[in-house]
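A short reminder: the numbers here are calculations on the coordinates, not readings from a lab. For clarity, every value in this text was computed on a predicted model and none was experimentally measured. A quick note on method: Cβ atoms are made from the backbone with ideal geometry, for glycine too, and the neighbour counts reach across all protein chains shown.
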Amino acid sequence: MGASRLAVSTVFFLSLTLSSSRAAKSSCIQWRKPGESVKISCSPTSKEDHLYLYKFCENFPVLQWDLKDTFTIKAGWEPRVKTEVTETKGLIITIANLTAEDTGYYNCQYKVLKDFNLVVTSGAGSVLLVVHVFDQIDAVETFPLILVVVLCVVILLLLSVLVTMWILRTVKSMHINAVRPVQRAHPSDVYEDMRSTCRR
């Protein structure tokens, strides 16, 4: 259940972080089991001179590359991270022996110095990685919970509709009673009633 909640949280963070059109077009979700590997393809252009692979909410990059021969891999990741330069000067980063702690949003960032200003572009090749043990136990445990949540939402919606209708009907009736004119007896009617009484 903990891994399931982590996966849902990660998907939510994805919707918040993928704000640029370039990121939205090139990002994807990768589901993996513990022990498997994932490949992340970063594609810098000829205008950029440095490539970085960041994991969401971490200050130091998992990997950085000067687009030539120098690779710098974050401490503790070296045995699991492999790199491969493609013919188009792209970079394929393979992370092996995945664990649940590797779950997160991996963002390719491209940097270049222009007119003494550092220009950063992110998104192309970014991946949302979810490492989770897929089994029937999680599905059996999760389904009743989802069903209960859906039923509660439906009941709350029905109650809100009924309460709204009752309030509107009450306000309408109060408005009608307030606007309805009060019928007052005309003096001539009172005079006629007195004459008829005296005749008797």
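A protection proxy built from the mean count of other Cβ atoms within 10 Å ranks the segments 91-100, 76-85, most packed first, as 91-100, 76-85. Remark: for residue pairs LYS74/LYS111; LYS39/LYS74; LYS33/LYS89, the C-alpha separation exceeds 20 Å in LYS33/LYS89. Here's how it looks for HIS50: its modeled amide H is under 5 Å from those of LYS111, which are all 5 or more places away or on a different chain. Ranked by how many other Cβ atoms sit within 10 Å of their own Cβ, fewest first, the residues LYS47, LYS74 fall in the order LYS47, LYS74.
For segment 99-107, putting each phi into the Karplus relation 6.51 cos²θ - 1.76 cosθ + 1.60 with θ = phi - 60° gives couplings of 10, 4, 5, 7, 4, x, 9, 9, 10 Hz, in residue order, rounded to whole numbers and with x for Gly and Pro.
Backbone amide hydrogens, once placed in the peptide plane, bring GLU36 within less than 5 Å of LEU98, excluding anything fewer than 5 places away on its chain.
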